[in-house]
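Bear in mind that the values in this text are calculations on the coordinates, not laboratory data. Note that the coordinates shown come from a computational prediction; the quantities given were computed from them, not determined experimentally. Methodologically, a virtual Cβ is constructed for each residue, glycine included, from the backbone with ideal geometry; neighbour enumeration extends over all protein chains shown.
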Amino acid sequence: MGIRERSATPPLRGVFVARSQVMDSDGLRRALTRIAHEVVERNHGLEDVVLVGLQTGGVPLARRLAEALATVEGTDVPVGTLDVAFYRDDIGLRPVMPEAVTDIPFDLTAKVVVLVDDVLFTGRTVRAALDALNDYGRPKAVQLAVLVDRGHRELPIRPDYVGKNLPTRRDEVVDVREDGVDLGTVQK
Amino acid sequence: MAGDVLLRGGRVVDATGGRRADVLVRDGRVASVEAGIEAPGGVTVLDAGGCVVAPGLVDLHAHLRQPGREEAETVETGARAAALGGYTAVVAMPNTEPAIDSAGVVREVLELGERAPCHVLVAGAITKGRRGEELAPLAEMAGLGVRLFTDDGRGVQDARLMLRALEYASSLGATLAQHCEDESLAAGGHMHEGEWSSRLGLAGVPPEAEQLMVMRDIALARRTAALGARVHFQHLSTAASVALVRAAKSEGVPVTAEVTPHHLSLTDEVVGSYDPVFKVSPPLRPMADVEAVRAGLADGTVDAIATDHAPHAQEEKERPFDHAPPGMLGLETALAVALTDAGLPLERLLALMSWQPARIARLEPAHGGPVAEGRPANLCVIDPAAVWLVEPERLASRSRNTPYAGRKLTGRVRHTLLGGEPVVVDGEPQR
Amino acid sequence: MTASLLSVADLGRDGIEEVMSVSDSFVEVGERAIPKVPALRGKTVVSLFYEGSTRTRLSFETAARRLSADVMNFTVSGSSVAKGESLRDTVQTIEAMGVDALVVRHSSAGVPWQVASWVRCSVINGGDGWHEHPTQALLDCYTIRRARGSLDGLRVAIVGDVKHSRVARSNVLAFTAMGAEVTLVAPPTLLPSTLEGWPVSASTDLDDVLPKADVVYLLRLQAERQTEALLPSLREYTAGYGLTRRRAGLLADDALVMHPGPMNRGVEIAAEVAELPSSVVTKQVANGVAVRMAVLFLLLGSTPAA
């Protein structure tokens with residue numbers, strides 16, 4: 001049967017070797033704070049706003065964004081997690097396995113859902129996420145927050161909130177950790 | 001019809017021993033056996049270099065399916081398969097449709113065999129329709145030359161009926177052959193009852209089903225020995241059966257026994273694939289039984305290797321395992337399987353496959369007899385080192401159910417002479 | 001060569017873990033308002049059931065539909081089989097219509113293996129005679145895991161007609177692969193002729209086994225067994241091997257009572273015992289859909305096409 005693999009695109013097999021640091025931990029913190037402010041401003045407050053982090057990279061970021069929002073507005077925003085494995089368009093083309101169970105313990109209908117992911121690349125993961133959200137209800141609006149936009153979009157998807165715009169080559173890899181972001185390559 | 005033939009360059013092996021010699025055949029008989037025979041004009045020379053020239057093999061047990069199941073085999077196709085396997089005589093089993101239980105059907109099969117490339121003898125049924133209820137007209141069939149009777153496919157379940165059959169047959173100089181299987185134990189079983197049947201979830205046949213009837217018939221044979229009755233045990237497959245026969249023979253009870261090539265070479269483990277090609281009756285057994293059967297061959301407890309050649313049409317063998325009919329092909333692979341898996345030298349195997357079965361079938365000296373001047377030329381030429389691949393589609397049998405499909409076997413028949421006529425030359429049938 | 005699921009033994013511990021882990025996601029899907037994902041859109045799953053079974057067939061069908069696959073059902077009646085319609089012809093005809101997975105159930109052991117040798121699509125064993133029922137074993141493992149966290153070291157008693165039970169054979173393979181200790185409890189006539197090579201213990205004393213068991217798995221007793229000289233009567237069976245009210249009192253507080261269904265209330269299990277909280281039979285059924293979704297997804301979705 002299938003071998004477990006990260007649902008990230010492209011499938012990573014090998015060792016990540018960093019070439020340059022894109023963001024340090026302070027930079028990351030500041031970016032999230034700025035995004036929090038932008039979310040509040042854009043939505044005129046946090047009423048009806050919910051966060052949904054995409055597995056796996058978007059989940060810790062969604063939590064940190066929720067903390068930042070709590071600091072900025074004093075409101076606790078509901079946070080859910082979403083695994084889009086079953087909605088991907090490359091099922092059957094390469095091994096795809098769910099990372100974790102989807103957990104959205106609230107109703108999405110009439111809410112503003114802010115999808116949170118670490119890296120925006122081709123846009124296919126976000127497209128799958130939009131399909132998945134549909135099966136949970138009918139949000140009032142869906143907005144997209146990403147820490148890094150590395151370009152190379154294959155679908156008409158654009159982020160509403162961006163931590164950093166980072167031009168990259170296709171073969172490069174962006175590695176997001178709790179304490180920073182690196183750009184590098186994967187060596188076999 | 002037979003032209004002159006010279007078998008050149010081989011080693012002649014028969015019951016008297018082995019020697020390097022050419023064999024000249026004239027008018028259907030052996031004319032001379034000596035080294036360096038000069039080929040007279042007009043003679044067909046068949047190369048026997050590196051080969052053993054022996055009396056033709058005799059199969060005590062083959063299902064030729066005619067009349068009634070011609071889609072699986074006919075007397076002609078079965079005889080051709082036999083000739084390719086080195087057989088010059090084969091005993092056709094009576095579980096045809098209708099059964100061979102009367103002079104009429106005996107005559108029909110004998111006539112079908114007249115033109116066959118192998119001498120076809122007929123075994124008659126012991127009971128009418130093989131139903132195990134009333135004796136069949138044994139004397140009427142014996143009048144046409146039948147000397148072997150069996151209900152094969154089934155054993156005679158009723159002890160009293162078997163006793164009467166033995167008494168009656170003794171007056172005809174006939175042998176009763178038994179498919180030993182107690183149906184009250186065996187009913188519903190599809191493979192050997194043991195570790196594998198438990199694991200595979202298939203109903204099993206306890207080995208005691210065979211053993212009980214062997215035990216019974218040894219007792220009945222002991223009782224009727226003075227009358228001249230003879231019992232022959234077909235396809236023995238268990239250690240217990242071999243032990244019983246060994247003990248009976250040591251007491252002088254007049255019984256004989258045969259085993260099949262597949263019971264010498266395959267175990268019940270192969271059923272794990274659920275391929276019905278491995279379904280057979282009696283079923284394949286565990287290694288301990290296979291070893292006991294081989295030991296029985298080695299020490300003389302078992303007198304013959306008989307194929308139990310049982311062709312079945314492909315659709316029949318593609319049914320679910322528990323619905324498929326039991327039986328495997330055997331005529332074309334018997335010698336090679338015996339050479340490869342029985343652990344015995346060719347000289348010993350020839351005794352088990354030629355002159356000993358010939359004696360049991362009362363065919364000596366025409367078949368199985370020593371290769372000597374004046375004798376009918378029923379011979380086979382065997383290349384003991386030839387390696388060949390078993391390809392079911394290329395077998396002469398009409399059916400394809402060989403458990404050795406895809407296997408490489410060692411030992412092949414190069415030529416077969418029936419009454420001096422080359423019916424197989426260089427591994428190819430001539431008719 | 002596409003992957004198939006013919007025997008639980010093919011999966012090994014790792015494979016079983018993988019199925020259970022993915023099943024968690026599908027349980028969540030089942031709890032949504034719209035319990036459907038597009039994962040197997042465009043795939044076709046065909047059920048070929050030569051033996052009637054509404055429950056298993058519906059469970060597979062629901063699983064396939066929830067994955068957005070197209071579904072076809074062939075329930076072959078006894079008469080077609082009697083006419084001798086070739087199994088091979090039937091299966092190859094179905095495959096020619098375009099099939100990604102064939103779920104096969106038959107009353108003869110080994111049929112899924114034969115079918116797998118004739119087709120190129122995935123074959124799932126939905127139950128073959130007395131031999132195996134892999135998806136049942138997987139959902140049973142999953143149910144135990146959800147209730148008790150892990151099967152390692154758990155003591156499982158499988159009670160009843162093991163000899164004729166494909167559920168028992170698959171469960172023995174699966175439970176032991178996951179680290180459980182299995183004891184079979186049955187009268188000698190209902191145990192396989194030999195347990196040589198089976199990683200289990202056997203007992204004829206249910207009262208002795210029950211207090212130590214973490215899981216009691218009851219097998220269905222078919223009435224026909226009485227006529228086959230395997231049992232003197234159903235009453236005698238219940239007296240010796242039924243989970244009566246008295247026996248239920250011997251169970252540990254957190255022991256699970258399981259049954260593959262349908263239950264013969266009054267025979268292998270007393271009616272009132274079937275309704276106790278320790279009985280997780282309905283959970284087994286619910287988990288069955290998620291587990292079968294996991295199996296279909298892993299065979300057809302998660303791996304690249306051959």
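Can you give the charge dipole size of chain B about its Cα centre, rounded to the nearest 20 debye, using +1 on the beta carbon of Lys and Arg and -1 on the beta carbon of Asp and Glu?
With only Lys, Arg, Asp and Glu charged at Cβ, the dipole is about 700 debye.
Roughly what would the spin-label model give for residue C:33 and residue A:89, points 7 Å off Cα along C-beta, in nm?
2.7 nm
May I ask which residue of C:215, C:231, C:258 lies farthest towards the positive end of the charge dipole of the stretch C:136-280, with charges of +1 (Lys, Arg) and -1 (Asp, Glu) on Cβ and the Cα centre as origin?
In the stretch C:136-280, that residue is C:258.
Only bridges with both residues in the stretch B:1-61 count here: give the DSSP antiparallel percent, nearest 5. Walk me through the intermediate numbers first.
Numbers: 12 of 18 bridges.
If I count the DSSP bridges inside the stretch B:1-61, around 65 percent turn out antiparallel.
Taking the Cα centre of the protein assembly as shown as the origin, how large is its charge dipole in debye, to the nearest 20, when only Lys and Arg (+1) and Asp and Glu (-1) carry charge on their Cβ atoms?
640 debye
Based on the inverse mean of 1/r over its pairs of different Cα atoms, what is the Kirkwood hydrodynamic radius of the stretch A:26-168, in Å?
On the way: mean 1/r = 0.0657 Å⁻¹.
Final number for the Kirkwood radius of the stretch A:26-168 is 15.2 Å.
Given a Förster distance of 41 angstrom, what is the FRET efficiency for residue B:133 paired with residue C:228, based on the Cβ-Cβ distance and rounded to 0.05? Write down the numbers at each step before the final one.
Details: r = 26 Å, r/R0 = 0.63.
So the FRET efficiency works out to roughly 0.95.
With +1 on the Cβ of every Lys and Arg and -1 on the Cβ of every Asp and Glu, and nothing else charged, how large is the dipole of the stretch A:1-157 about its Cα centre, in debye rounded to the nearest 20?
Its charge dipole is roughly 520 debye.
Divide by every residue of chain A the summed helix terms, -39500 (n - 2.57) for each DSSP H run of at least 4, and state the resulting mean residue ellipticity at 222 nm, rounded to the nearest 500 deg cm²/dmol.
Value at 222 nm, helices only: -8000 deg cm²/dmol.
Which of A:119, A:51, A:65 sits farthest toward the positive end of the charge dipole of chain A, with +1 on the Cβ of Lys and Arg and -1 on the Cβ of Asp and Glu?
A:119
Want the number for residue B:208 to residue B:387: 0.36 nm per residue separation, take away the alpha-carbon distance, what's left?
Working it through step by step, the gained length comes to 60.6 nm.
Which net charge results when you count Lys and Arg as +1 and Asp and Glu as -1 among the other residues whose beta-carbon is under 13 Å from that of residue C:272? Working shown, then result.
Working: positive: C:245, C:246, C:247, C:265; negative: C:275.
Residues near residue C:272 contribute +3 overall.
For the stretch B:171-318, what is the convex hull (Cα atoms) projected area averaged across all directions, in square nanometres?
For the Cα atoms of the stretch B:171-318, the hull's average projected area reads 9.3 nm².
For every helix of n ≥ 4 consecutive DSSP H residues, a contribution of -39,500 (n - 2.57) applies; sum these over chain B, divide by its total residues, and give [θ] at 222 nm rounded to the nearest 500 deg cm²/dmol.
When only DSSP H runs of four or more count, the value is -7000 deg cm²/dmol.
Can you compute the FRET efficiency between residue C:202 and residue B:407 using 1/(1 + (r/R0)^6), with r the Cβ-Cβ distance and R0 = 41 Å? Round to the nearest 0.05.
The formula returns an efficiency of 0.60 here.
Along Cα→Cβ, 7 Å out, is where each label goes; now give me the distance between the ones at residue B:431 and residue B:298 in nm to one decimal.
Result for the modelled spin labels: 4.4 nm.
Treating the angle as unsigned and between 0 and 90°, give the value, to the nearest 10°, between the Cα long axis of helix C:12-31 and the longest Cα principal axis of chain C.
80 degrees
Below 18 Å, Cα to Cα, which aspartates and glutamates can residue A:188 reach? Residues fewer than 8 away in the same chain don't count.
In chain and number order, the partners are A:5, A:171, A:172, A:175.
Which helices, counted as full DSSP H runs in chain A, have an axial Cα extent of no less than 18 Å and a Kyte-Doolittle average of -1.0 or above?
Going by DSSP H runs, the hits are A:25-42, A:58-73.
Nearest 10 degrees is fine. How inclined is helix C:54-66 to the longest principal axis of chain C, computing both from alpha carbons?
50 degrees
For the stretch C:136-280, what does the alpha-carbon gyration tensor say about shape, rounded, prolate or oblate, given a ≥ b ≥ c as the root eigenvalues, a/c under 1.5 as rounded, and a/b over b/c as prolate? Before the final figure, lay out the partial values.
Working: a/c = 1.64, a/b = 1.19, b/c = 1.38.
Since a/c reaches 1.5 but b/c is at least a/b, the shape of the stretch C:136-280 is classed as oblate.
Could you tell me the calculated FRET efficiency between residue A:177 and residue A:155, based on Cβ-Cβ distance and R0 = 35 angstrom, to the nearest 0.05?
0.85
Specify the angular offset, from 0 to 90 degrees and rounded to the nearest 10, of the alpha carbon long axis of helix B:208-224 from the longest principal axis of the alpha carbons in chain B.
70 degrees
Sorting B:328, C:20 on the 10 Å Cβ count, fewest up front, what's the list?
Going from sparsest to densest Cβ surroundings: C:20, B:328.
In square nanometres, what is one fourth of the surface area of the convex hull spanned by the alpha carbons of the stretch A:84-188?
For the stretch A:84-188, averaging the hull's shadow over all directions gives 7.9 nm².
Starting from the Kirkwood Rh over alpha-carbon pairs, what translational D in µm² s⁻¹ does the stretch C:75-184 have by Stokes-Einstein at 4 °C and 1.567 mPa s?
So the translational diffusion coefficient is about 83 µm²/s.
Based on the Cα atoms of the protein assembly as shown, what semi-axes does the equivalent ellipsoid have, where each is the square root of 5 times one gyration tensor eigenvalue, given in whole Å with the largest first?
That gives 71, 34, 21 Å for the three semi-axes.
To one decimal place, what orientation-averaged projected area in nm² is obtained for the convex hull of the Cα set of the stretch B:55-360?
Mean orientational projected area (the stretch B:55-360, Cα hull): 13.8 nm².
With the cut-off at 25 Å, tell me which of the pairs C:212/C:283; A:111/C:43; C:36/C:283; B:317/B:408; A:140/C:36 have Cα atoms farther apart than that.
Beyond 25 Å between Cα atoms: A:111/C:43.
When DSSP assigns beta bridges and you keep just the ones with both residues in the stretch C:105-212, what percent turn out antiparallel, to the nearest 5?
10 percent
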